[in-house]
Amino acid sequence: MINPLFALLVALALSTVIVVLFWPGKGIYATYKNAKRNTSRVLIEDALKHLYDYEERNVRCTLRSVAGHLSISGDDATRLISKLQSMGLVESRQEGIKLTPDGRSYALRIIRVHRLWERYLADETSVNEIEWHLNAEEKEHSISVEEAETLAAQLGNPVYDPHGDPIPTKDGEIPKRKGVPLTSLKTGEFGRITHIEDEPHAIYTQLVAEGLHPGIQVRIIDSAKNRIKFEANGEECVLAPLFADNVNVIPLKQQEEITSDFKSLSSLKKGQKAVVVGISKACRGPQRRRLMDLGVVSGTVVTAELESIGHDPVAYNIKGATIAIRRKNAEQIYIQPEENELNAQKKFNEEELN
């Protein structure tokens with residue numbers, strides 16, 4: 001005969017297991033279904049983005065390219081494209097797989113969220129720029145249309161992301177990307193960077209390490225088949241053509257040259273005084289706001305007062321307060337001698353607008 005207490009304990013244990021497995025919305029089974037549904041959604045949205053990218057570059061999209069981009073098997077890619085066809089988002093043509101108008105609209109919504117989030121990370125957080133794209137790759141699938149519009153309003157409805165890519169409007173309109181590859185400039189020619197491609201990640205990491213970002217002016221020193229040597233922000237850079245192709249520039253006339261008239265705060269010697277004319281666009285988010293809160297704004301007089309043993313940081317007198325600023329931040333602050341203040345500020349503002 002079964003012990004009643006034992007039977008009760010078994011019944012309670014079974015009840016607990018059933019609750020844990022099948023609790024509505026929160027049980028293991030519900031969690032599994034949600035994860036599977038979310039994974040399916042991510043694949044759908046990533047496939048649509050891939051198709052949009054290929055169409056923009058006039059590249060033929062195939063099952064093989066979809067499988068390779070999404071890291072899935074050929075069979076899974078076939079099933080995914082079939083599902084997209086049944087949803088009315090893509091169609092197969094002789095020239096390859098193409099987005100339908102609904103598919104293009106869906107792709108642009110995802111791209112809008114992605115680029116808005118990158119803009120948010122750049123302007124409002126201290127997240128390293130190397131991580132912006134990867135972070136946005138995850139976030140783009142979880143932000144609703146309503147949340148995206150709230151974010152856009154919070155950011156002032158930006159037109160470009162921090163890499164220089166145009167942000168689609170909520171109506172699905174998107175301007176054409178400006179500029180030509182850096183490799184198209186000839187020796188001695190000038191240009192202004194308008195876009196840095198953030199994929200592949202390995203190439204983007206190298207471009208960031210070189211200190212390149214939209215807004216920087218460059219001058220080609222030497223253009224050869226195996227390397228491009230150029231000057232950017234007063235520094236000499238060397239890139240392989242494969243890497244340089246991921247940088248877009250607008251060609252400039254020679255007389256528009258470079259902001260070499262401006263020196264950085266890091267060049268100020270102990271006891272020297274200068275006037276701030278601006279902060280580099282490369283200084284973003286909390287760091288930029290911190291500098292401005294400390295009084296580092298156009299027209300402020302600064303004096304180099306004290307240097308640490310390693311010359312980093314350096315203490316500056318800013319509006320009567322002694323403030324330590326590290327070299328990497330001081331290099332992003334442009335200055336001019338006091339007597340050149342008005343002309344320097346005017347020129348800096350004109351170049352920033354360009």
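A few remarks follow.
- Selection of helices (runs of 4 or more DSSP H) fully inside the stretch 44-142 by the criterion of at least 2 residues being in contact with a Pro (Cβ under 9 Å, 6 or more places away or on another chain), open to solvent by 40 Å² or more (accessible area, probe 1.4 Å) and in contact (Cβ under 8 Å) with a residue 40 or more places away in the chain returns 101-124.
- Taken together, the criteria place residue 150 among residues that are in a helix (DSSP H, G or I) and either closer than 23 Å to residue 244 by Cβ or open to solvent by 30 Å² or more (accessible area, probe 1.4 Å) (or both).
- When we screen 260, 267 for residues that are among the small types (Gly, Ala, Ser), modelled with pLDDT under 80, within 26 Å of residue 217 (Cα to Cα) and open to solvent by 40 Å² or more (accessible area, probe 1.4 Å), the only hit is 260.
- Residue within the stretch 148-170 that is farther than 18 Å from residue 215 by Cβ and touching a strand residue (DSSP E or B) at 6+ places or on another chain (Cβ under 8 Å) present: no
- Filtered residue count, the stretch 324-344, keeping only those that are open to solvent by 40 Å² or more (accessible area, probe 1.4 Å), modelled with pLDDT under 60 and of a type in the set (A, V, I, L, M): 1
- Any hit, the stretch 270-293, residues being over 30 Å from residue 176 (Cβ atoms), aliphatic (A, V, I, L, M) and open to solvent by 60 Å² or more (accessible area, probe 1.4 Å): yes
- From the options 177, 219, 192, residue that is in contact with a Gly (Cβ under 8 Å, 6 or more places away or on another chain), touching a residue at least 40 places away in the same chain (Cβ under 8 Å) and open to solvent by 60 Å² or more (accessible area, probe 1.4 Å): 177
The values are calculated or read from the model by the stated rules, or taken from the named source; none is laboratory data. Every value quoted in this text rests on a predicted model; they were computed, and no experiment measured them. Methodologically, a virtual Cβ is constructed for each residue, glycine included, from the backbone with ideal geometry; neighbour enumeration extends over all protein chains shown. We work out accessible area using only protein heavy atoms, side chains counted, and drop any ligands, DNA or RNA first. Shrake-Rupley method; radii C 1.70, N 1.55, O 1.52, S 1.80 Å.
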